[in-house]
Structure formats: structure tokens, C-alpha cells
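Notes for the one structure printed next.
The values are calculated or read from the model by the stated rules, or taken from the named source; none is laboratory data. Computed from a prediction, not measured in an experiment: that's the story for all the values here. Neighbour counts run over all protein chains shown; Cβ positions are idealised from the backbone, glycine included.
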Amino acid sequence: MGEVQALLNLQVGQRVKVKGNVDEQGNFNALEVKVKPGDVDAVMEGRLQGVDVESNTIRLLGRDITLGPDTVIRSADRRDLDLADLKVGEIVKLKGTYSPESGFEVEKVKVQEPKGYYVEELQGYITAMDAESDVIEVVGMTVKLSTRTEVEGY
């Protein structure tokens, strides 16, 4: 058993909202985990790290994410954008669906209004967990919990 007792209150199949940050190894370190009502959307939010128009991919939370031909991209004021309009450093929110078989299928990219601060965020179903290592998997990302992680809503 790991150190995080609150992990015992989480289970595979629960929908959660996780706030935190990504470390150099690509792990998402959770500051807060909230159990949420079921929903079909998976969400990733963070600072845009790269845009590759040729391969139709963006880099977010240390992951390369391919956008489909039907992915809608919108500005903070809801104008339609092209992939080339996105700028590295902008805060973006991705919405779509996730399954372990298909990965994250992005339906919408929305540039967020700058707030002077940001916290990276994931929303989706817990697809795996390891109580020994204090980790869960959400939207295909390994999420590391610590004794400082707040877990709410279970």
C-alpha cells in the first residue's frame, strides 16, 4: 500500500477532475482530485508547448496530440481559428473523448483568456490505478498522488 490513504476512495470507472502540473518525466502530479458526475467529455487544459501544422499535431502536457479533420478550433472570443493561428504559450482547453483503444480524440480546442496564472487540468474517467505506487490513469496520463493531494467528492 502506498502513502496516499485517499486513493482507497477512488476506483476505476469514476469520472474525476484533476488539477496539478506535469514533471520532467511526463507524469501529472495531482494537487487536487475531485470526483465528478459521469460525462462523455474528456478534457485536457494547459500551456501550449508546440504546434505542427504539417502533421496536424499540438503538444500539451508533455504529449503530442493529433487533431482530426473535424476538430473545431476557437479563440477566447469564440472566433473560428486554423491550427496555424495557435501560438506556443497560449493556454488551451481540449475537449473530446478518450478510450484506451483509441486514445484522446479531440473534438474542440479553445484558447482560454489569460488570467495571469494557470493550473494544468485533466478530466475524464479513471482507467487504471496502482495503490502501491499512488497513481491513477486519466485521459491516458499517469497521475501521481501524494499525501498533499486533496481528494474530494468520493
Residue match in region 46-59 (condition: within 28 Å of residue 116 (Cβ to Cβ), modelled with pLDDT under 95 and surrounded by 14 or more Cβ atoms within 10 Å (Cβ to Cβ))
yes
Take region 31-66 and flag every residue that is assigned to a loop (DSSP other than H, G, I, E, B) and either closer than 30 Å to residue 153 by Cβ or charged (D, E, K, R) (or both).
37, 38, 39, 40, 41, 54, 61, 62
Output the qualifying pairs, or none if there are none: Cβ atoms under 7 angstrom, residues six or more apart or on different chains, first residue in region 14-38 and over 19 Å from residue 94 (Cβ atoms), second residue assigned to a strand (DSSP E or B) and small (Gly, Ala, Ser).
29/20; 31/20
Filter region 106-120 down to the residues that are at pLDDT 90 or above and under 12 Å from the mean Cα position of the chain (by Cα), then identify the one that is farthest from residue 56 (Cα to Cα).
120
Residues of region 16-30 being in a loop (DSSP other than H, G, I, E, B) and either closer than 17 Å to residue 108 by Cα or not polar (S, T, N, Q) (or both), in sequence order, are 23, 24, 26
Residue 76 vs. criteria among the aliphatic types (A, V, I, L, M) and in a loop (DSSP other than H, G, I, E, B):
yes
Here is a check on your reading of the model: is residue 71 among the hydroxyl-bearing types (Ser, Thr, Tyr), in contact with a strand residue (DSSP E or B) (Cβ under 9 Å, 6 or more places away or on another chain), part of a strand (DSSP E or B) and more than 28 Å from residue 129 (Cβ to Cβ)?
yes
Of the conditions (1) modelled with pLDDT of 95 or more; (2) more than 16 Å from residue 21 (Cβ to Cβ); (3) crowded, with 17+ Cβ neighbours inside 10 Å; (4) not aromatic (Phe, Trp, Tyr), residue 66 clears all except one; give me its number.
(3)
